[in-house]
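Shown next, in structure tokens, is the structure this report addresses.
Values quoted throughout were computed directly from the atomic coordinates according to the rules given, and no laboratory measurement underlies them. The model shown is predicted, which means the values in this text are computed figures rather than measured ones. Counting neighbours? That spans all protein chains shown, and the Cβs are built from the backbone with ideal geometry, glycine included.
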Amino acid sequence: MNREAYRVLCQSLKGKKVLGKYIIEEGIGFGSYGVVMSCKEILGGRTLAIKMLSVEDSPYLDEANFINEINQMAKLYRCPNILQFILAERHG
């Protein structure tokens, strides 16, 4: 993904409901396989970050790789510069 594609994606997702429980607020960053977006939890109002993997480009479509990344993120909950891992879900 390049900066222009990221900008367009952020504009198209802003204000949209995701997974039935979050409203996308803005983009935080992007990488080779997806984007990280700031979102607001509909019930509870917490501001969270959601990592959205690209279906076309991601090696994480492999179930084992996807689960491995979730497990690695969950282990980092005490790192001061890393957000707490809360939930992993597949959409679509």
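Structure values in brief
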item: Reachable lysines from LYS14, criterion Cα separation under 17 angstrom, eight or more residues apart if same chain; result: LYS40, LYS51
item: All-pairs alpha carbon distance profile, the chain, 5 Å steps from 0, percent; result: 3, 13, 22, 25, 22, 14, 3
item: Local electrostatic count at GLY27 - Lys and Arg +1, Asp and Glu -1, tallied over other residues with Cβ under 13 Å; result: +2
item: Rg to Rh quotient for region 3-57, alpha carbon positions, Kirkwood Rh; result: 0.97
item: Rough spin-label spacing in nm, given labels placed 7 Å along Cα→Cβ, for LEU87 and ASN2; result: 3.6 nm
